[in-house]
């Protein structure tokens, strides 16, 4: 299985958490085939909103959700 990654973000209720304020306004940056390309996209999205403490972007390792027993 390919190591698929998802990068997304949005406004959070508290900058110390990942409790998103409005799931209908999530910014899906995209799906990526490896961590390096996902991290590059994450850095770009996070950098655009660096001055807004309530905006958070994350990388989700989708391959781990799809096959939790697989070794990375």
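All conditions but one from (1) modelled with pLDDT of 95 or more; (2) in contact with a helix residue (DSSP H, G or I) (Cβ under 8 Å, 6 or more places away or on another chain) apply to residue 4; the one that does not is (1). Any residue that is surrounded by fewer than 14 Cβ atoms within 10 Å (Cβ to Cβ), outside any strand (DSSP E or B) and either touching a residue at least 12 places away in the same chain (Cβ under 8 Å) or over 13 Å from the mean Cα position of the chain (by Cα) (or both) - is there at least one of those in segment 55-64? The answer is no; no qualifying residue exists.
Being modelled with pLDDT of 95 or more, on the phi < 0 side of the Ramachandran plot and in a strand (DSSP E or B): is that true of residue 43 here?
Numbers: modelled with pLDDT of 95 or more: yes; on the phi < 0 side of the Ramachandran plot: yes; in a strand (DSSP E or B): no.
So residue 43 fails the test.
Is there a residue being touching a residue at least 40 places away in the same chain (Cβ under 8 Å), surrounded by 14 or more Cβ atoms within 10 Å (Cβ to Cβ) and not in a helix (DSSP H, G or I) anywhere in segment 11-20? Taking every residue of segment 11-20 in turn, at least one turns out to be touching a residue at least 40 places away in the same chain (Cβ under 8 Å), surrounded by 14 or more Cβ atoms within 10 Å (Cβ to Cβ) and not in a helix (DSSP H, G or I).
When residue 36 is tested against (1) surrounded by fewer than 16 Cβ atoms within 10 Å (Cβ to Cβ); (2) within 12 Å of the chain's Cα centre (by Cα); (3) in a helix (DSSP H, G or I), only condition (2) is not met.
The values are calculated or read from the model by the stated rules, or taken from the named source; none is laboratory data. Quick caveat, the model's predicted, so the values are computed rather than measured. Here Cβ is always computed from backbone atoms with ideal geometry, including for glycine, and neighbour counts include all displayed protein chains.
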